[in-house]
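Step one of this worksheet: look at the structure below.
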Amino acid sequence: MNDIEGVLRRTFRAHLDSIDIPRSLPPHVGVRARRGKAMMVAAAALGAATIVSAAVVVIPSLGRSGPELPIGGGRPTPPTIAPKENGRIAYSLSGNGVELHSMEPDGSDDELIPTPPGSAWIPAWSPDGKRLAVTVFPLNEGDRTIWVMNADGSDAQRVAAAENVSGASWSPDGTTLAYAASSGDSTAIHLVDAAGGNDRIIHGEAAEGTFAIFSASYSPDGTEILFDRGTDSGFDIFVMNVDGTNTRQLTSTGTDYDPSWSPDGTQIVFTREESVEDGPTAVSSDIFVMDADGDNVRRLTDDGVETTNLDPEWAPDGTAIAYVAGVTGGPGGLVVVNEDGSDPTTLVEDGVLGISWQPRPVDED
Amino acid sequence: MTRIGPTRSRDVSHSEMADKLGALYARQGAAATRLAYALTGDIHVAHDITQEAFVRVGRRLFGLSEVEHENAYLHRTVVNLCRGRARRMKTERTALQKMGSVRAARPPDIAEQDAMWQALQRLSVRQRAALYLRYYQDMSEAQAAETLGCSVSAIKSLVNRGLTRLRIQLEGANDE
């Protein structure tokens with residue numbers, strides 16, 4: 001095509017000049033903007049996080065007009081956390097709907113785990129390896145839900161529901177789940193009892209410059225929550241205290257998400273998007289690792305322009321990392337690599353959406 | 001429940017907010033909607049994203065000092081809302097494709113501009129935004145950089161890569 005720029009201009013004009021533009025904004029826009037501004041004004045006056053109700057936390061403005069967020073640093077040395085033995089890998093598989101499976105770390109003994117009706121999208125093993133929290137998408141209309149069940153799928157109890165929910169993350173004592181949820185135009189990080197009840201927001205989207213929150217992950221020592229959210233520049237990784245205070249930004253590339261703690265809490269594995277010049281997709285993504293304070297970022301995978309490696313999860317003993325190796329950001333294979341990125345092994349060829357690695361129950365034979 | 005103390009900073013009345021937002025919408029509403037449509041390809045989503053962008057800009061309207069900064073912040077907000085939506089949607093969309101939903105095939109006699117429009121939708125949101133600002137809004141590289149909050153060299157790179165990818169897609173389609 002010789003005159004691609006000319007065709008581009010004409011294409012934009014043809015498609016954009018005559019689209020329907022509403023004459024004015026609907027009234028709710030001004031109402032919501034004013035309400036959001038009032039919350040920010042109040043938070044700035046307070047200068048610290050304040051519980052304003054049983055459910056909402058107001059945090060200081062995080063935009064350019066407010067105080068700069070500290071980048072990394074300042075994280076106290078975590079207590080020594082003993083590694084656990086690697087148990088079964090739970091994973092969601094698309095094909096016949098989305099089903100939950102589990103298998104041994106070498107890929108053997110694959111079993112189907114029954115789940116509530118719907119697409120069993122994102123699993124999360126409890127710290128003792130005896131229960132699963134599963135995020136389920138409905139087959140038709142309705143809220144997305146989080147369920148807690150035994151490892152064999154029995155005794156499933158619904159603990160959370162919203163228009164959209166992330167995967168759940170267990171507190172190290174197994175009593176609480178953290179998750180991100182969105183309803184309407186707002187997203188927030190919630191804590192809820194693993195037995196159900198006492199659902200509360202610890203980090204809301206009132207913070208200036210926040211566009212959406214996509215995940216929430218308990219640190220192995222239970223003192224912090226790791227999460228990724230949209231920012232003015234894209235997506236980045238943050239960490240805060242478990243009460244919603246002391247939010248720190250760990251990355252600032254605008255292309256980082258899906259963070260997950262190492263079992264000892266000293267490192268974070270995550271997905272980083274990279275724009276590519278050629279190839280079937282506009283972006284590729286690979287797995288990276290950094291120290292828990294955001295320093296020492298290093299690449300773990302480098303699979304070229306045709307792949308989108310996503311959703312990394314650390315093995316409970318800290319020696320390996322599992323991730324979804326896909327194309328165009330969709331389902332893909334389940335690959336396990338050593339913690340230095342060496343020796344990749346494909347355990348499931350295709351169709352994998354979510355992964356969780358079980359800490360082997362201590363009383364298991 | 002802990003009460004919030006009295007605020008010391010200036011609050012905004014409903015009429016002040018409505019007037020300020022209305023004036024900004026009159027100046028930039030069409031441009032924001034067109035940008036959102038260029039980045040999403042869905043007019044209904046574009047309207048939703050435009051409204052959400054104005055909500056967020058409204059929260060900052062009394063702190064942004066110049067009209068130009070308002071416009072840049074609005075455009076950048078639209079781009080990032082589109083990126084957030086694309087990220088939330090992509091896993092579900094490809095998973096649904098895996099579960100057997102049929103993807104509509106492109107008819108062989110598709111017009112050149114329709115082919116270009118479809119090729120645009122396969123670019124990253126930032127590449128599409130850069131091309132939109134340069135080839136529809138006719139912004140300079142410096143203006144486009146300010147709008148997207150990046151460097152001029154980043155704009156050059158986004159435009160060059162976007163054009164290259166379009167060329168590859170369209171030439172590949174012509175070869176079929």
### Task
Take the residues in the range A:9-53 that are among the hydroxyl-bearing types (Ser, Thr, Tyr), surrounded by fewer than 18 Cβ atoms within 10 Å (Cβ to Cβ) and modelled with pLDDT of 55 or more, then tell me which one is farthest from the chain's Cα centre (by Cα).
A:18
### Task
Hey, could you check the range A:197-219 for residues that are modelled with pLDDT of 95 or more and not in a strand (DSSP E or B) and say which is surrounded by the most Cβ atoms within 10 Å (Cβ to Cβ)?
A:219
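Got a number for residues in the range A:4-32 being free of Cβ contacts under 8 Å to residues at least 24 places away in the same chain and either among the hydroxyl-bearing types (Ser, Thr, Tyr) or farther than 26 Å from residue B:169 by Cα (or both)? Reasoning before the result, please.
Taking the range A:4-32 as the starting set, the residues that turn out to be free of Cβ contacts under 8 Å to residues at least 24 places away in the same chain are A:4-31.
If we keep only those that are either among the hydroxyl-bearing types (Ser, Thr, Tyr) or farther than 26 Å from residue B:169 by Cα (or both) as well, we get A:11, A:18, A:20-31.
So the count comes out to 14.
Look at residue A:155 and say whether it is of a type in the set (Asp, Glu) and either assigned to a strand (DSSP E or B) or closer than 18 Å to residue A:315 by Cα (or both).
Details: of a type in the set (Asp, Glu): yes; either assigned to a strand (DSSP E or B) or closer than 18 Å to residue A:315 by Cα (or both): no.
Spelling it out, it is not the case that residue A:155 is of a type in the set (Asp, Glu) and either assigned to a strand (DSSP E or B) or closer than 18 Å to residue A:315 by Cα (or both).
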### Summary
Subset of the range B:133-146, residues facing another protein chain (nearest Cβ under 7 Å), assigned to a helix (DSSP H, G or I) and in contact (Cβ under 8 Å) with a residue 40 or more places away in the chain, comes to none
## Note on the structure
Checked pairs for the range B:33-55, first farther than 15 Å from residue B:117 by Cβ and within 8 Å of another protein chain (Cβ to nearest Cβ), second charged (D, E, K, R) and in a helix (DSSP H, G or I), C-beta under 6 Å and 6 or more apart or across chains, list as B:55/A:32
### Task
Quickly run through the range A:220-262 and pick out the residues that are farther than 16 Å from residue A:187 by Cα, of a type in the set (A, V, I, L, M) and buried (at least 22 other Cβ atoms within 10 Å of the Cβ).
A:239, A:250
### Message
Consider the range A:95-133. How many of its residues are assigned to a strand (DSSP E or B), touching a Lys or Arg at 6+ places or on another chain (Cβ under 9 Å), over 12 Å from residue A:357 (Cα atoms) and more than 14 Å from chain B (Cβ to nearest Cβ)?
### Response
1
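Within the range A:14-25, count every residue that is facing another protein chain (nearest Cβ under 7 Å) and not hydrophobic (A, V, I, L, M, F, W, C). Break it down into steps so the answer makes sense when it comes.
Of all residues in the range A:14-25, those facing another protein chain (nearest Cβ under 7 Å) come to A:14-16, A:19-22, A:24-25.
Next, only the ones that are not hydrophobic (A, V, I, L, M, F, W, C) stay: A:15, A:20, A:22, A:24.
Result for the range A:14-25: 4.
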### Query
Out of all the residues in the range A:255-273, is one or more at pLDDT below 90 and not in a strand (DSSP E or B)?
no
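One line per residue, one yes/no per condition, for (1) small (Gly, Ala, Ser); (2) in contact with a Leu (Cβ under 6 Å, 6 or more places away or on another chain); (3) at pLDDT below 90; (4) surrounded by 18 or more Cβ atoms within 10 Å (Cβ to Cβ):
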site	(1), (2), (3), (4)
B:4	no, no, yes, no
B:18	yes, no, yes, yes
B:23	yes, no, yes, no
B:37	no, no, no, yes
B:41	yes, no, yes, no
#### Entry: Matching residues in the range B:110-128 - criterion: being in a loop (DSSP other than H, G, I, E, B), under 12 Å from residue B:162 (Cα atoms) and of a type in the set (A, V, I, L, M)
B:123
#### Entry: Conditions (1) at pLDDT 90 or above; (2) more than 10 Å from chain A (Cβ to nearest Cβ): number failed by residue B:30
(2)
### Task
Collect the residues in the range B:147-176 that are more than 8 Å from chain A (Cβ to nearest Cβ), part of a helix (DSSP H, G or I) and among the charged types (D, E, K, R), keeping them in residue-number order.
B:156, B:175
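The values are calculated or read from the model by the stated rules, or taken from the named source; none is laboratory data. In this text the structure is predicted, and so the values were computed from the model without any measurement. For neighbour counting, all protein chains shown are included, and Cβ atoms are generated from backbone atoms with ideal geometry for every residue, glycine included.
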